[in-house]
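See structure below.
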Amino acid sequence: MIESHLPAVSTYAKDIDSLILLIGVLVGFWFFVCQGMFFWLMFKFRAREGHRTTYVTGEEKELARWVHIPHYLVLVCDLFIIVGAVRVWYDVKQNLPEPDATVRVIGQQWAWTFVQPGPDGQLDTPDDIRTVDNLHIEVGKTYHYKLESKDVLHNFSVPVFRLKQDAVPGRVITGWFEATRTGEFDIQCAEICGIGHGIMKGRIKIQSPEEHSAWMAQNSTPAIATASAE
Amino acid sequence: MAQSAQTVPHGGHEHHESHGLSYYLFPLDHKIIGMQYLFTGMFMALIGGFFAYAFRMQLAFPGMSVPFFGVVSAGEYNSLVTNHGSIMIFWVAMPVLIAAFGNFLIPLMIGCDDMVFPKVNRLSYQIFLLSVIVLITSFFVPGGGFGGAWTAYPPLSANAQYSLTPLGSTLWLTAVALEFVAFLLGGINFVTTVMNSRAPGMKLYDIPIVVWMIVIASILFTASVGPLIAGAVMLFMDQVVGTQFYDPAAGGDPVLWQHLFWFFGHPEVYVVLLPAMGITADVMVTFARKKLFAYRTVLYTAVGTGVLSFTVWAHHQFIAGIDPRMANVFTITTLLISIPIAEMCFVYIATLYGGSITFKTPMLWALAFVAEFLIGGVTGIFLGASGADIYFHDTYFVLAHFHYTFFPIAIIAVYAGLTYWFPKMFGRMMNDTLGKIHFWGTIIPFNMIFLPLFLLGAWGQHRRIYSYQNFPELAGDTMQNLRILATLSLVTMLLFQLVFLYNFFRSMFKGEKAGKNPWRATTLEWTTESPPGHGNWKEMPTVYRGPYEYGTPGRDQDFWPQNEPS
Amino acid sequence: MTAHAKPLATTRSVAGMPTPRLAIWWVISSEIVIFGGLLTAYILYRLAHDAYSADSAHTNQYIGGFNTLVLLTSSLSAVLAHKAAEHGDGKQAAKLLLLTCLGGLVFLAVKSVEWSIEISHGYTLTASPFWSFYYTAAGIHASHVVAGVIIMAIVARDAARGRELHRVEIIGLYWHFVDVVWIFLFPLLYIAK
């Protein structure tokens, strides 16, 4: 349903889509059973001449079980959903794999700033590459992001990754992603952040290793890079 | 103040007393106060609906000058969505479902002549009216109305330099706080009146479900709103005095507000849901001529839902920066709340079993409530499951989900209640044919508004964006066409509300006379005149049985009023 | 004003407890959650930040302690007023209530002196999060004291004429609640270092 319109481009995007499908099947079943039953009863017990209602309290055992048995089955479905949800959640948000690189993501009214390590592979050194609204990453590499905000709440959302995370001023929130194919996709701010919320957009450019190193060479200042290498 | 009209003694009077103007302006009678809440709520619903029209037009036709509004700027857009949400929840759902129906129905359904504290009741409405005035003022102050979403997350809501609405934010917050005070005061009456002033013979299980639900909702409201009132005081001080409760630079924490807000905000959903379910139950049993299936189960599940609703709030904050381990706890509690709610839905469906159903307008609304609310219920599971919420958070999927809960609650159930109790309120019947035209003209466009929004949300459209043309993934024609479909459906639906308004006000004066009990219902309000005079009954009723004795074996009539001696 | 006939509803007592008493418990419980929310927020902040202890060292325990004593004593006279009212002695009840009022006024007077000193030392509302909480929590509490004193004076006026004696108990319950809130505030704001 989602992938037909929006590609799944991170390692966990497919897991999230499958979880959504699982929930869709389980609740869809109950939804159609309930609606079917509801409309059938409406039709079957429509008022007719000479027909009198059946007097039941709903507390008779043989009737009450029509409510109680489905009710336990719903509980079973809930358990499946809980297990599925917690597993996906654990992979995406709790258990961060070792990173190949770390990128700092800074939200402010109303732009994204991305800070990437330069050739030395370390953040907060003079050869860091700062970009605004465009994040260049390499396909197949595990990235950690360190998410910050300078003013109000923002939300770092990459729909093709199926990833969202609030940026909270005063905190640094760490998460991860790994892209599975190259391309250029949207970054959105998904938490209202003032009148410019609707223009707070970015692009994520997922590059092949060759493209990415070429981009990096082009953007890191050679003088500083040499200076820090000495 | 000349209030001589109210000195009419109880009993032994015709219900056509002539009342002075002050009787309507400063009333103590619960029915008039209920009407004041109802009409204020309806007025606010028109404003909220107009706001929805303005921002939906902007989404469908970005940049166009919207008829009757003008070009919607980004700041105005934020203000429109913020106040649409605030109005529909705080100034429509709450006053109509709890205050209007609560005030009108509680004394009539439990068989007493008024609320126990009529003056507190009047004060409650006056504070509510003040909150309305403050809110409306906030739209017109320099800088414009508040635009930080109805959740008002700081720092955006706390600092004028970020929100750019220095006065709008403060007035909005003041209005919300006043509204809370009004409903705390109202709750005193609802709970104490039901506890202490029931008619002789009315035991706990003889109370109609809708009264129970309003009482449980009042208790939930009181128990959940306190921390938010404290939080609102802190936010107010941050805005006005310059304290830094929510400012991380000075040791504050913006996430604290989110906890306080949702600790209230989630129970609040059930505060409005329960009265809506109560209304539905009362309407369904009357037109199905059936006893409510498992009355006690409904009651227990309502209480269970209420208790559980205090344990789920952080599912709104899965990705808001809370400890990720907490998300697992809240996923479990959130999915557990589906148990009592599912049980309640099953019970409502089972109530139809063995009935003899006539499809009058109120019944159509009640049935539509169950059918539509089911959609809202099942889509909530996607959002309560933490793993899926990572993607769905803040998309139109969320928006469509809660409109499928709030629209049935605040609109469908309210129409069920209004069309059902209209004869009691005004003594005349509404036109059933116009009622059905209005019903289909509301229900079909309603689904055509929000089903496309589920799809847009699933495709990644995020909320509170005044124009999607800035986002390449969201600017395509397919998605834009769905937006246009939703907007045109909304305009259609709003136009059909004119049918209701015409029917409502015409029937009030020209409708067929209703008589005491036009629906042949069993509860106490139908045993007095329509509309009831001051004091409600000439002779106060005594209760002999439960509220829903339809089709009792061995009786000629298929209904057995609560007050009829056996 | 009006000669509004009391509704029949007020005369019923199905739950076995007089309606005014039920209502005041309802008011108190809604207040408990308000103060509960505020104090929970304060405690959570305080546990997370060490700076609070340094700030709270500048509060004056002796003044706070004296005020605690004043409030506790005033609660005692409220109890005695209730007793007098139960025996139908409106005059005595009114006197005792006015004594309670006096306690409240002393509390407020001491409080304003205390705040003046603190503000003159630079510990203003916006000085630090601790002081923000200090003034907010104590301020909300003080507004309850003010409301209590005013209502109590009205109840005392009626009681002195032997009217509405049952209200003596109701305002007493409210006053005890205001007292109990202070019992929580005092250690949290003054003693905890």
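Values in this text are rule-based calculations from the coordinates and carry no lab data. Please read these numbers as outputs of a predicted model, since none were measured by experiment. For neighbour counting, all protein chains shown are included, and Cβ atoms are generated from backbone atoms with ideal geometry for every residue, glycine included.
Summary of values
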| quantity | calculated |
| --- | --- |
| Footprinting exposure proxy for B:Y391, C:Y135, C:Y45 (fewest neighbouring C-beta atoms within 10 Å first) | C:Y45, C:Y135, B:Y391 |
| Charge dipole magnitude, Cβ of K and R +1, D and E -1 - chain A, Cα centre, debye nearest 20 | 1200 |
| Rounded to 10°, Cα long-axis angle of helix B:477-510 versus longest principal axis of chain B | 30 |
| Cα centre as origin, Lys/Arg/Asp/Glu Cβ charges: the stretch A:101-229 dipole, Debye | 300 |
| Karplus-derived 3J(HN,Hα), 6.51/-1.76/1.60, for each residue of the stretch B:154-165, Hz, glycine and proline x | x, x, 4, 7, 8, 10, 5, 5, 8, 7, 6, 10 |
| Length added when fully stretched, B:L123-B:A160, from 0.36 nm per residue minus Cα-Cα | 10.1 nm |
| Calculated FRET efficiency for the pair C:I183/A:T54, C-beta based, R₀ 56 Å, to 0.05 | 0.40 |
| The protein assembly as shown - mean residue ellipticity at 222 nm from DSSP helices (-39,500 (n - 2.57) per run, n ≥ 4, rounded to 500) | -20000 deg cm²/dmol |
| Relative contact order %, the stretch A:101-229, counting alpha carbon pairs below 8 Å whose residues are six or more apart | 29 |
| Of C:V181, C:V27, C:V70, the one that fluctuates the most in a GNM where chain C has Cα springs shorter than 10 Å | C:V27 |
| Exposure proxy order (Cβ contacts within 10 Å, fewest to most) of B:L308, A:L79 | A:L79, B:L308 |
| Qualifying lysines (Cα of each under 30 Å from Cα of A:K146; at least 8 residues distant if same chain) | A:K14, A:K93, A:K164, A:K201, A:K205 |
| Total formal charge among the other residues, if their Cβ is under 10 angstrom from that of B:R198, Lys/Arg +1 and Asp/Glu -1 | +1 |
| Unit Cα scatterers, Debye sum, chain C: log10 I(q)/I(0) for q = 0.17, 0.19 Å⁻¹ | -1.09, -1.26 |
| Highest-MSF residue in chain A out of A:Q35, A:Q94, A:Q207 [GNM, Cα springs under 10 Å] | A:Q35 |
| Rounded, prolate or oblate (a/c below 1.5 giving rounded, otherwise prolate when a/b exceeds b/c) for the stretch A:71-230 by Cα gyration tensor | prolate |
| Residues whose placed amide H lies under 5 Å from that of B:A149, excluding near-sequence neighbours | B:T82 |
| Estimated distance in nm for a label pair at C:T73 and B:L498, the labels positioned 7 Å out from Cα along Cα-to-Cβ | 7.3 |
| Computed over the stretch C:1-104, Kirkwood Rh from alpha-carbon pairs, angstrom | 18.0 |
| Cβ-derived FRET efficiency at R0 30 Å, B:F310 paired with B:L204, nearest 0.05 | 0.85 |
| Leading residue at positive end of dipole, chain B (Cβ point charges), from B:F263, B:F50, B:S79 | B:F50 |
| Only Lys, Arg (+1) and Asp, Glu (-1) charged, at Cβ; the protein assembly as shown dipole about Cα centre in debye | 3140 |
| Residues with amide H under 5 Å from that of B:V66, placed H, sequence gap 5 or more | B:V71, B:V72 |
| Dipole-positive endmost among C:I150, C:V14, C:I117 within chain C (Cβ charges, Cα centre) | C:V14 |
| Most mobile of A:L163, A:L26, A:L147 in a GNM of chain A (Cα contacts under 10 Å) | A:L26 |
| Cα-based helix-to-principal-axis angle, B:432-458 vs chain B, degrees rounded to 10 | 30 |
| Taking the stretch C:13-163 and dividing mean pair separation by its residue count, relative contact order in percent (alpha carbons under 8 Å, at least six apart) | 27 |
| Protection-proxy order for peptides B:110-116, B:449-455, each taking the mean of Cβ atoms within 10 Å per residue, highest first | B:110-116, B:449-455 |
| Sum of side-chain charges, B:N159 neighbourhood, beta-carbon under 10 Å (Lys, Arg +1; Asp, Glu -1) | -3 |
| Neighbour-count ranking [beta-carbon atoms within 10 angstrom, fewest first] of C:L71, B:L274 | C:L71, B:L274 |
| Shape metrics for the stretch A:13-94, restricted to C-alpha atoms - Rg then Dmax, Å | 19.0, 64 |
| Label zone at A:L96 (point 7 Å along Cα-to-Cβ), backbone N below 14 Å, the stretch B:223-266 | none |
| Principal axis dimensions, the protein assembly as shown - Cα atoms, whole angstrom, descending | 102, 80, 55 |
| Pair A:D120, A:R65: separation of 7 Å Cα→Cβ label points (nm) | 7.5 |
| C-alpha long axis of helix B:166-196 to longest principal axis of chain B, angle in ° | 30 |
| Residues in the stretch A:85-108 reached by a label modelled at A:N219 [backbone nitrogen below 14 Å; 7 Å Cα→Cβ] | A:102-106 |
| Inter-label distance for B:S65 and C:I28, nm, one decimal - labels placed 7 Å from Cα along Cα-to-Cβ | 6.3 |
| Other-chain or far-sequence residues with amide H under 5 Å of A:N155's (modelled H) | A:A167, A:A190, A:E191 |
| Violating pairs (Cα-Cα greater than 18 angstrom) within the set B:K360/B:K436; C:K6/C:K83; B:K290/B:K360; B:K203/C:K6; B:K119/C:K83 | C:K6/C:K83; B:K203/C:K6; B:K119/C:K83 |
| Bins of 5 Å, starting at 0 and running to the largest distance - Cα pair percent for the stretch B:191-274 | 3, 13, 18, 15, 12, 10, 9, 7, 6, 4, 2, 1, 0 |
| Under 14 Å, Cβ to Cβ, from A:D15 - net charge with Lys/Arg +1 and Asp/Glu -1 | -1 |
| Cα lying deepest toward the dipole's positive end in the protein assembly as shown, options A:T54, B:I216, A:S149, charges on Cβ | A:T54 |
| Efficiency of FRET between B:I437 and C:L108 - r from beta-carbon atoms, R0 51 angstrom, step 0.05 | 0.20 |
| Whole-Å semi-axes of the ellipsoid equivalent to the stretch C:27-70 (Cα gyration tensor, √5λ, descending) | 23, 20, 4 |
| Three principal axis lengths of chain B [C-alpha, angstrom, descending] | 69, 54, 48 |
